[in-house]
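Following: one structure in structure tokens, then a few remarks.
The values are calculated or read from the model by the stated rules, or taken from the named source; none is laboratory data. Since we're looking at a predicted model, the values are computed, not measured. When we count neighbours, we look across all protein chains shown, and the Cβ atoms used for this are built from the backbone with ideal geometry, even at glycine. Side chains included, ligands, DNA and RNA excluded: accessible areas come from the protein's heavy atoms. Shrake-Rupley method; radii C 1.70, N 1.55, O 1.52, S 1.80 Å.
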Amino acid sequence: AVVSTQSTGYELGNDFKALNIASREVFEALSTGEIEDGSKIVSSPDGYPFRVENKDVSSAGPVSGITLTSSNLQATVKFWTEILGLTVLHRIEGHVTLGFDESQAFVRFVQEKEVNHAKAYGRIAFSVPTDELAAAERLAKEQGYEILTPFVTLKTEGKADVCVVIFSDPDGYEICFVGDEGFRELSVFDPEGDNLLDKAIKEDGSDDWFKKKGISKSSA
């Protein structure tokens, strides 16, 4: 799984090129958008770009991948393949597409002179077998790469514990490896989830705070 978290309301850099969507339905529904290589390029109100391809939605869902910039494709490929374990799926001049396999979301890098994360950069997360996390961290350290968060187990009361390691690649992208076993257990749909959330909201005392401010919680 690939996830990119981005904050809204911050200065955008040139690091995030696009979230790639493969969906004929979305493609046909878009009345606007620049056409580039057969895809429609649109932006969210906050300026985040989406590249929508006129393709059938895969079994993994409509999000096909993410496109980022790299200041040195050779260094990027070395880190992402040797440390993180991805493989090169496609490569053309100035572009390289990486992934664990063709059935999963890809990470595509486009060559730029420099990468500017500005203030709106996020983090990419992969769920991987837990027993691979420590080895990946050790290899990264041996080769001189920065570890932002060493191997740690995050406790979740009454639920599965989740192990994570957060790396930094040569361009400063944050990559989080999440233990797949705990991640999948926590991702299972809980039929009582809505009720538990409503109960927590009622008990958190925030209703009184919103009343004092003269605003409703739902509009905040």
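General remarks:
- Largest first, the residues Arg91, Arg138, Arg51, Arg24 sort by 1.4 Å accessible area into Arg91, Arg138, Arg24, Arg51.
- Amide hydrogen neighbours beyond the local backbone of Ser43, cut-off 5 Å, H modeled: Phe50
- Sequence of Phe16, Phe189 when ordered by accessible area, the most exposed leading, probe 1.4 angstrom: Phe189, Phe16
- Measuring between alpha carbons in the structure, the pairs from Lys40/Lys119; Lys17/Lys155; Lys119/Lys199; Lys155/Lys199 lying more than 31 angstrom apart are Lys17/Lys155; Lys119/Lys199.
- Accessible area (Å², 1.4 Å probe, nearest 10) - Tyr48: 20 Å²
- Counting only protein heavy atoms and a probe of 1.4 Å, the accessible surface of the chain is 51% carbon and sulfur.
- Taking the chain as a Gaussian network of alpha-carbon nodes connected by springs under 10 Å, the highest mean-square fluctuation of the residues Asn195, Asn14, Asn54 belongs to Asn195.
- Taking N as the residue count of the range 42-198, its C-alpha radius of gyration divided by 2.2 N^0.38 Å amounts to 1.15.
- Length available on full extension from Val152 to Gln104: 0.36 nm per residue minus the Cα-Cα distance, which gives 14.7 nm.
- Centroid-to-centroid separation of the range 33-92 and the range 12-30 [C-alpha atoms, Å]: 9 Å
- For the range 76-197, the solvent-accessible area of protein heavy atoms averages 57 Å² per residue (probe radius 1.4 Å; ligands and nucleic acids excluded).
- Accessible surface for Asp198 stands near 80 Å², nearest 10, in the context of the full protein assembly shown (1.4 Å probe).
- Placing unit charges on the Cβ atoms of the charged side chains and taking the dipole of the chain about its Cα centre, the candidate lying farthest along the positive direction among Tyr48, Ser127, Leu98 is Tyr48.
- Taking Leu197, Leu148, Leu84, Leu30 and ordering them by how much accessible surface each has at a 1.4 Å probe, largest first, produces Leu197, Leu148, Leu30, Leu84.
- Secondary structure note: in the range 66-220, about 65% of the DSSP beta bridges are antiparallel.
- When you restrict to C-alpha pairs under 8 Å that are six or more residues apart and normalise by the size of the chain, the relative contact order lands at 19 percent.
- Accessible surface of Lys159 - all protein chains present, 1.4 Å probe, nearest 10 Å²: 120 Å²
- Among residues other than Ala29 with Cβ under 14 Å from its Cβ, the summed charge is -1 (Lys and Arg +1, Asp and Glu -1).
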